[in-house]
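A.B. asks: This is the structure I want to talk about, given as C-alpha cells.
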Amino acid sequence: MSVNVAVVGATGAVGELMRKVLIERHFPVKSIKFLASEKSAGKTVEFAGKSYPVEAIRPEAFAGIQIVLSSTPSSVSKEYSPIAAKAGAIVVDNSSAWRMDPDCPLVVPEVNPEQLHNIKKGIVANPNCVAIPLCVALKPLHDLARVKRVVVATYQSSSGKGAKGLIDFDAQVKAWALGAPVPAPTAHRAQLAGNVITLDWALDPNGFTEEENKVINETRKIMGDSSIGVCPTCVRVPVKIAHSEAITVEFHKPLSVADARAALARAPGIVFMDETKGEVPQPIHAEGSDHTFVGRVRQDPSCPNALCLWVVADNLRKGAASNAVQCAEELVMRGIVSSSGKP
C-alpha cells in the first residue's frame, strides 16, 4: 500500500536526510509534500528526481496526509502535531515534545515495534539520538539475562547541533589546524576543536544535564522496564557525524561474553565488529549507515554479572531520520495506517 506523506521541517538537516532515506529505503510514497517555517516557504527541494515547493506549516496542509515525518523544535511540534493527528495522519515526531507522554509510544523498531499498536494521540515519538542505539544494543542482551543497570558515557558529534553545529565546528577546526585564534562558538557551548565539552551546562538538582535525563527516562520507556538503573555522562567530542557510547551493563543473572557476542551478531539492526579480528566500531564506519555498530564486548572485571560494550551509530540517520522512516515502514507493514489515514 502506498501512502500520502508530509515531511515537516523539510529544509533542516534531519528533514533533508528524511527525504534521502525515504528514497533509499523505497518507502511506498503515493504523494508527498514538504513543509517548513514561513522563512523557508517558497524554496524548492528535490525528491526522486522531481522538484517540489516548500509550503508553510499550516493546519490545512495536513488534509489527506496519512503519515507525517516531523523534525521541528518542540514548540512547533506541540502546536502542529496534534493538528496533523486530528486531520487523520499519524505523526512520527523527532522532537522531545512527546517522548515521555504516556499516550505516545516511544519506538525503536528493532526493540519495541509492538508499541505502534497503541497510538492514542496519533503521535509516535522518535527517541533521543543516544537512547536509540543504546537500546538497539541492549535489547538482545536484555532478552537473555534482563538488564539491571546501565552506565554509559557518550561521545557525541558536532552534528548533534544540526547544520549550525557543523558550520561552527568546521570554522573552529580550520583555525585550530592553522594555529590561528579559534573563533568564538556559535552553536556549541564552548570551543569544540581540540576539546571535549559537557553537552549542556544546565544541571538539575542532582547535577545531571537535560541530555542525560533524556537518556535515563527514554531508555526505561523504550525497554519497557522502569526498574532499570541508568547512569549517563554525555559529552560532545570533535567529530562531525556519529555518536559513540561506552556502555557497562549489569544483568540480573550472569551472561557470558560468548553468548552476548552471538546474540549481538544475529540481532536486527546491528553490525557486530569482532575485536579479535582487528575490528572496532568507529564513527567513520557508522556515518551514512542505518545500522548500530557494536564491538569490544568484554567481561566487567569488577562485577560478575556485567559486560562492557562499545557502540557507534550515525546520529542523524539511525539516531533521527532513519529511525523515523523505519517507524513509518512498520506503520504501513502492520496495517496501522489505512487508506483513509489512522484507524
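A.B. asks: Taking segment 74-85 on its own, how many of its residues are farther than 17 Å from Pro127 by Cβ and not aliphatic (A, V, I, L, M)? Working first, answer last.
C.D. replies: Narrowing segment 74-85 to residues farther than 17 Å from Pro127 by Cβ: 75-76, 78-80, 82-85.
Of the ones still in play, those that are also not aliphatic (A, V, I, L, M) are 75, 78-80, 82.
The qualifying residues number 5.
A.B. asks: Still on this structure: Please go through segment 153-182 and pick out each residue that is touching a helix residue (DSSP H, G or I) at 6+ places or on another chain (Cβ under 6 Å), touching a residue at least 24 places away in the same chain (Cβ under 8 Å) and among the aliphatic types (A, V, I, L, M).
C.D. replies: Initial filter on segment 153-182 (touching a helix residue (DSSP H, G or I) at 6+ places or on another chain (Cβ under 6 Å)): 158-159, 162-163, 165-166, 169, 182.
Filter once more, keeping what is touching a residue at least 24 places away in the same chain (Cβ under 8 Å): 158-159, 162-163, 166, 169.
Within segment 153-182, Ala163, Leu166 qualify.
A.B. asks: Right, another one. Looking only at residues in segment 25-55 that are aliphatic (A, V, I, L, M) and in contact with a strand residue (DSSP E or B) (Cβ under 7 Å, 6 or more places away or on another chain), which one is surrounded by the most Cβ atoms within 10 Å (Cβ to Cβ)? So that I can check it myself, show each step before the final result.
C.D. replies: To start, the set of residues in segment 25-55 that are aliphatic (A, V, I, L, M) comprises 29, 32, 35-36, 41, 45, 48, 54.
Then drop every residue that is not in contact with a strand residue (DSSP E or B) (Cβ under 7 Å, 6 or more places away or on another chain), which leaves 29, 32, 35-36, 41, 45, 54.
Numbers: Val29: 15, Ile32: 21, Leu35: 26, Ala36: 23, Ala41: 16, Val45: 18, Val54: 20.
Here the answer is Leu35.
A.B. asks: So which residues in segment 275-306 are of a type in the set (D, E, K, R), on the phi < 0 side of the Ramachandran plot and open to solvent by 50 Å² or more (accessible area, probe 1.4 Å), if there are any at all?
C.D. replies: Glu275, Lys277, Glu279, Glu287, Arg298
A.B. asks: Quick one: in segment 185-217, of everything that is open to solvent by less than 80 Å² (accessible area, probe 1.4 Å), of a type in the set (A, V, I, L, M, F, W, C) and not in a helix (DSSP H, G or I), which residue is farthest from Lys161 (Cα to Cα)? Talk me through it step by step, then tell me what you get.
C.D. replies: Taking segment 185-217 as the starting set, the residues that turn out to be open to solvent by less than 80 Å² (accessible area, probe 1.4 Å) are 185, 187-188, 190-195, 197-200, 202, 204, 207-209, 211-217.
In the following step, the residues that additionally are of a type in the set (A, V, I, L, M, F, W, C) were identified as 187, 190, 192-193, 197, 199, 202, 208, 215-216.
Right, trim to not in a helix (DSSP H, G or I) and you get 187, 190, 192-193, 197, 199, 202, 208.
Working: Ala187: 7, Ala190: 13, Leu192: 12, Ala193: 15, Ile197: 13, Leu199: 10, Ala202: 16, Phe208: 19 Å.
This residue is Phe208.
A.B. asks: In the set Ser70, Ser96, which member is buried (at least 20 other Cβ atoms within 10 Å of the Cβ), under 23 Å from Val130 (Cβ atoms) and not basic (Lys, Arg)? Full working, then the answer.
C.D. replies: Working: Ser96 fails: buried (at least 20 other Cβ atoms within 10 Å of the Cβ).
Going through Ser70, Ser96 in turn, just one is buried (at least 20 other Cβ atoms within 10 Å of the Cβ), under 23 Å from Val130 (Cβ atoms) and not basic (Lys, Arg): Ser70.
A.B. asks: Within segment 225-234, track down each residue that is touching a strand residue (DSSP E or B) at 6+ places or on another chain (Cβ under 6 Å) and either open to solvent by less than 70 Å² (accessible area, probe 1.4 Å) or among the hydrophobic types (A, V, I, L, M, F, W, C) (or both). So that I can check it myself, show each step before the final result.
C.D. replies: Step one: of segment 225-234, the residues touching a strand residue (DSSP E or B) at 6+ places or on another chain (Cβ under 6 Å) are 228-234.
Within segment 225-234, Ile228, Gly229, Val230, Cys231, Pro232, Cys234 meet the criteria.
A.B. asks: Taking Ala265, is it in contact (Cβ under 8 Å) with a residue 60 or more places away in the chain, more than 30 Å from Ile197 (Cα to Cα), in contact with a strand residue (DSSP E or B) (Cβ under 8 Å, 6 or more places away or on another chain) and of a type in the set (A, V, I, L, M)? Give the derivation first.
C.D. replies: On the way: in contact (Cβ under 8 Å) with a residue 60 or more places away in the chain: no; more than 30 Å from Ile197 (Cα to Cα): yes; in contact with a strand residue (DSSP E or B) (Cβ under 8 Å, 6 or more places away or on another chain): yes; of a type in the set (A, V, I, L, M): yes.
The answer is no for Ala265.
A.B. asks: Of the residues Ile222, Ile241, which single one is closer than 25 Å to Gly165 by Cα and buried (at least 16 other Cβ atoms within 10 Å of the Cβ)?
C.D. replies: Ile241
A.B. asks: Can you tell me which of (1) modelled with pLDDT of 95 or more; (2) surrounded by 15 or more Cβ atoms within 10 Å (Cβ to Cβ) is the one Pro181 doesn't meet?
C.D. replies: It fails just one condition, (2).
A.B. asks: Now, a different point. Just for segment 119-159: of the residues that are open to solvent by 10 Å² or more (accessible area, probe 1.4 Å) and in a loop (DSSP other than H, G, I, E, B), which one is nearest to Phe251 (Cα to Cα)?
C.D. replies: So the residue we want is Arg146.
A.B. asks: Tell me which of these Phe251 doesn't satisfy, since it passes every other one: (1) more than 18 Å from the chain's Cα centre (by Cα); (2) open to solvent by 20 Å² or more (accessible area, probe 1.4 Å).
C.D. replies: If we test Phe251 against (1) more than 18 Å from the chain's Cα centre (by Cα); (2) open to solvent by 20 Å² or more (accessible area, probe 1.4 Å), just (2) comes out false.
The values are calculated or read from the model by the stated rules, or taken from the named source; none is laboratory data. This is a predicted model, so every value here is computed, not measured. Quick reminder, even Gly has a Cβ in these numbers, built from the backbone with ideal geometry, and neighbours come from all protein chains shown. Surface accessibility is based on the protein's heavy atoms, side chains included, excluding ligands, DNA and RNA. Shrake-Rupley method; radii C 1.70, N 1.55, O 1.52, S 1.80 Å.
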